[in-house]
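Heads up, the thing below is written out as structure tokens.
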Amino acid sequence: MDFLVSQIPGIDNLVNKLMEFQIAIPSWALGTGGTRFGRFSGGGEPRTLEEKIEDIGLLHQLNRSSGAISLHIPWDIPTDHHAIKTLASQKGLRFDAMNSNTFQDQKEQPYSYKFGSLQNVNKAIRKQAIEHNIEVIRQGVNLGSDSLTVWLADGSCFPGQLNFRQAFQNTLESLQEIYAALPESWKMFVEYKAYEPNFYSTTVGDWGQSLLYANKLGPKAYTLVDLGHHLPNANIEQIVSLLLMEGKLGGFHFNDSKYGDDDLTAGSMKPYQLFLIFNELVEGMDAKNMNHASGLGWMIDASHNVKDPLEDLLQSVEAIMISYAQALLVDRKVLKEAQYNNDVVKCQEILQSVFRTDVRALVAEARLRSGASLDPLSLYRSLHVRERLIKERGAVTIATGL
């Protein structure tokens, strides 16, 4: 840390930014994930929403960077909103974006989403999906949330199955009804995904389609970027830059991937890409005088098939904070001069030099000043938290919604 202080001017301001930066934890990430072939419980998984809040509260106590929870409806419908808000507040947590679910059929619903929800050719099915999203907004209002994330599995598996223009128009009209139900201070995040579960076409398949919807919907609609929702080798940092320029970047779902939407631990596969994305985020947000901590929605969206979910989340938060810290170190003035001079070598050296800087002590200093642990993962293990959760909750518990 002393070396970094000697090398970095204004380090206290940088540490303060790290202390302010918070990453929301989704309620569905507290249990062991799975694949279409199987799921293996890790033991001690949270059985209720209250236990999920307890787990996220523990994460936040360890790192002081996980101060928000994002709920998925209907997996985590509160029975007592006041009690849930009180419990979250006691843990230092606020409620981030609410997430709707029209990619699964629920037991009580009269119509199936097998052939789509907001795009469906059946108006009654579209209406059912619209009403569900509006109900999610109501739940969020009761909890103090201020945004709705809409991710659609809608699309087609085979050529000729779908009229693309009609599917787009049906989806737009459905989103317009949901948008009309947003409270004045709320935002709508339109998430996109290149493929899966539909593999021929996806109705919101890329950032361009999402941006098209957001522009047509109005000023409260934004594009949401999930790092795994792109075709291989997509230049996500360029996408981020342009969405910021247009004022239509709403938020992020952090994860990592080797092949597709792998939902792996953030920074575990492509740490340089994560840094480059943050480099564009910091540059673009500063250009618009946006607050780094509150200007966008930040959330992890990962699946933990072979790891302890809490350990995985601690690793993801650490990787995100490291990339953010590195991006804060980029000398924007020198980089801009090199760009204007078309000095390609110097541009590369500037970014790679920062990326190779070990900022873990800087991130740890921010935690220390916030009252968190210097080494959250080691402390988690030394306290035998998972063993205690298994003893309390059981070895074969399954988190709600999974």
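The values are calculated or read from the model by the stated rules, or taken from the named source; none is laboratory data. Quick caveat, the model's predicted, so the values are computed rather than measured. Cβ: placed from backbone, ideal geometry, glycine included. Neighbour counts: every protein chain shown. Each accessible area value is taken on the protein alone, full model and side chains, heavy atoms only, with ligands, DNA and RNA left out. Shrake-Rupley method; radii C 1.70, N 1.55, O 1.52, S 1.80 Å.
Some notes on this structure:
- Within the stretch 274-307, the set of residues being hydrophobic (A, V, I, L, M, F, W, C), open to solvent by less than 20 Å² (accessible area, probe 1.4 Å) and assigned to a helix (DSSP H, G or I) comprises Leu274, Phe275, Ile277, Phe278, Leu281, Val282, Met285.
- Cβ pairs under 6 Å, 6+ apart, first in the stretch 86-99 and within 19 Å of Phe252 (Cα to Cα), second open to solvent by 20 Å² or more (accessible area, probe 1.4 Å) and not in a strand (DSSP E or B): Phe95/Gly144
- Index of the failed condition, Asp105 passing every other in (1) over 17 Å from Ala399 (Cα atoms); (2) touching a residue at least 24 places away in the same chain (Cβ under 8 Å); (3) in contact with a Lys or Arg (Cβ under 8 Å, 6 or more places away or on another chain): (2)
- Any chance Leu71 is in contact with a helix residue (DSSP H, G or I) (Cβ under 7 Å, 6 or more places away or on another chain) and over 25 Å from Gly295 (Cα atoms): no
- Residue pairs meeting the criteria (Cβ under 8 Å; at least 6 apart or on separate chains; first without any contact (Cβ under 8 Å) to a residue 12 or more places away in the chain, in the stretch 171-190; second among the hydrophobic types (A, V, I, L, M, F, W, C) and crowded, with 16+ Cβ neighbours inside 10 Å): none
- For the stretch 356-369, the criterion of being in contact with a strand residue (DSSP E or B) (Cβ under 6 Å, 6 or more places away or on another chain) and free of Cβ contacts under 8 Å to residues at least 60 places away in the same chain is satisfied by no residue at all.
- Qualifying residue in the stretch 139-158 (condition: of a type outside the set (Phe, Trp, Tyr) and over 24 Å from the mean Cα position of the chain (by Cα)): yes
- Applying the criterion of being surrounded by 15 or more Cβ atoms within 10 Å (Cβ to Cβ) and of a type in the set (Val, Ile, Thr) to the residues of the stretch 375-397, the residue that is modelled with the lowest pLDDT is Thr397.
- Residues that are among the β-branched types (Val, Ile, Thr) and either farther than 25 Å from Trp186 by Cα or over 16 Å from the mean Cα position of the chain (by Cα) (or both) within the stretch 271-311 comprise Ile277, Val282, Val306, listed in sequence order.
- Restricting the stretch 343-374 to residues that are under 16 Å from His60 (Cβ atoms) and of a type in the set (D, E, K, R), the residue that is most open to solvent (accessible area, probe 1.4 Å): Arg369
- In the stretch 117-148, residue nearest to Glu184 (Cα to Cα) [restricted to those that are of a type in the set (Gly, Ala, Ser), open to solvent by less than 10 Å² (accessible area, probe 1.4 Å) and assigned to a helix (DSSP H, G or I)]: Gly140
Okay, residues lined up against (1) among the charged types (D, E, K, R); (2) open to solvent by less than 50 Å² (accessible area, probe 1.4 Å):
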| site | (1), (2) |
| --- | --- |
| Ala180 | no, no |
| Ala194 | no, yes |
| Val204 | no, yes |
| Ala221 | no, yes |
| Gly228 | no, yes |
| Leu243 | no, yes |
| Gly247 | no, yes |
| Gly250 | no, yes |
| Asp261 | yes, yes |
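- Some residue of the stretch 278-289 being small (Gly, Ala, Ser) and within 22 Å of Ile25 (Cβ to Cβ): no
- Criterion applied to Gln161, Gln169 was being more than 29 Å from Met321 (Cβ to Cβ), out of contact with any Gly (no Cβ under 7 Å at 6 or more places or on another chain) and in a helix (DSSP H, G or I), and the one residue passing it is Gln169.
- Scanning the stretch 182-227 for residues that are part of a helix (DSSP H, G or I) and of a type outside the set (Phe, Trp, Tyr) yields a count of 9.
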